[in-house]
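I have a structure here, written as structure tokens, and I will follow up with some questions on it.
Since every read-out is calculated from the coordinates, none of them should be taken as a lab result. Small disclaimer: the values here were computed from a predicted structure and weren't measured. Neighbour counts run over all protein chains shown; Cβ positions are idealised from the backbone, glycine included.
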Amino acid sequence: MSAESSATTRWGLIGAVAALVLIVIFSSATVISALSSPDSASGQEVAEDSGLTRDQRTTVRDQIGRTVYSPLNEGGDVFEPTKGMDENSSSYFTFRPDVEWQRLSGWTKKSVARDYPYSAVAGPWEVTDGIAHSFARSPQGAALAGIHMLNGLAQGGERAAKATIRFVDDDLSVEIAEQMLAEPEGPQLPEQSWSSAYASYTILDYSDDEATIRYGLADGDGYASWDLTVHWVGEDWKMRANSVAPELRPQGKEMVTRWVTL
């Protein structure tokens, strides 16, 4: 098999596994991915009563060289909201929000930690029950919300159940997630062991009520894109069972880096 075919197979398997968890949200099966990132598992949690200030947080570098902070709080350290790009601006869809990446641990000590983006202009601006939420009703807010959704569900266990309650617009899914939280010894959402860096995004379609985002993902072997559609429900962005593209698509680095970089 050629290197190109091998990479395509790997990305296709990752997408199929991830889409299975996100579309068929509740499964007690153990899912094993073809991709794992040892670097992503090295994140630390800092206790709220550690006495540290935001400037004293520990940092690591992710797989594409970005600084990633270990937050003081379980759901991450949010910023005070500030005004983003005016919707009448020619740069409304391509404006690059200032983003701080923070590494949140999984639901067990051996779980893969994942990196989440936080922004003053795009959100999240609130943390409830360990889940960061409240994103801007803007292209940038939708893009960052999508990463929080995908990472939260992929972490499995308690975090995935809480992310489902917060971000999934489906009454049955929410009901099952609530039952899982009430019965922690019972079947739980499986963790996805793979973890790739969200390197960039481009907005494929946007309105005040719906946005489709194409993400550029990076891992040591190359780049891929993954599409997600989110909906504005109530006061925040949410996803539905058919929101996630069924597979990832291999991409060249030159294409992914043309998009809004994160």
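Hey, could you pull the Cα Rg and Dmax for segment 53-156, both in Å?
For segment 53-156, the Cα radius of gyration and maximum Cα-Cα distance read 13.9, 47 Å.
Order 220-226, 101-107, 158-164 from most to least packed using the mean count of other Cβ atoms within 10 Å.
By packing density, highest mean first, the sequence is 158-164, 101-107, 220-226.
Here's a follow-up. Lysines near Lys162 by alpha-carbon distance under 17 Å, same-chain residues fewer than 8 away left out - which ones?
In chain and number order, the partners are Lys238.
Let me ask something else about it. Note down the relative contact order for segment 96-216 as a percent, whole number, built from C-alpha pairs under 8 angstrom at least six residues apart. All intermediate terms of the calculation are to be shown ahead of the outcome.
Working: 199 pairs, mean separation 24.1, N = 121.
20 percent.
Right, another one. For a protection proxy built on the mean count of beta-carbon atoms within 10 angstrom, sort 136-143, 115-122 highest first, please.
Listed from highest to lowest mean packing, they are 136-143, 115-122.
Right, here's the next one. How big, in percent, is the set of alpha carbon pairs in segment 89-213 lying more than 16 Å apart?
Values: 4884 of 7750 pairs.
In whole percent, the long-distance tail amounts to 63.
Considering the zone a paramagnetic label at Lys110 would reach in this model (a point 7 Å from Cα along the Cα-to-Cβ line), which residues of segment 143-157 have amide N under 17 Å from it?
Under cut-off, by backbone N: 155-157.
Putting +1 on Lys and Arg Cβ atoms and -1 on Asp and Glu Cβ atoms, find which of Phe167, Tyr198, Ala145 reaches farthest to the positive end of the dipole of segment 140-213.
Value: Tyr198.
Classify segment 160-262 as rounded, prolate or oblate from the Cα gyration tensor: take a ≥ b ≥ c as the square roots of its eigenvalues, call it rounded if a/c is under 1.5, otherwise prolate when a/b beats b/c and oblate if not. Write out the running numbers ahead of the final one.
Values: a/c = 3.00, a/b = 1.52, b/c = 1.97.
Oblate.
Additional query: Send over the Kirkwood Rh of segment 147-214, from the inverse of the averaged 1/r over different Cα pairs, rounded to one decimal Å. Write down the numbers at each step before the final one.
Details: mean 1/r = 0.0747 Å⁻¹.
After inverting the mean inverse Cα-Cα distance, the result is 13.4 Å.
Next up: Starting with the highest mean, order 189-196, 144-151, 253-260 by the number of other Cβ atoms within 10 Å, averaged over the residues of each peptide.
144-151, 189-196, 253-260
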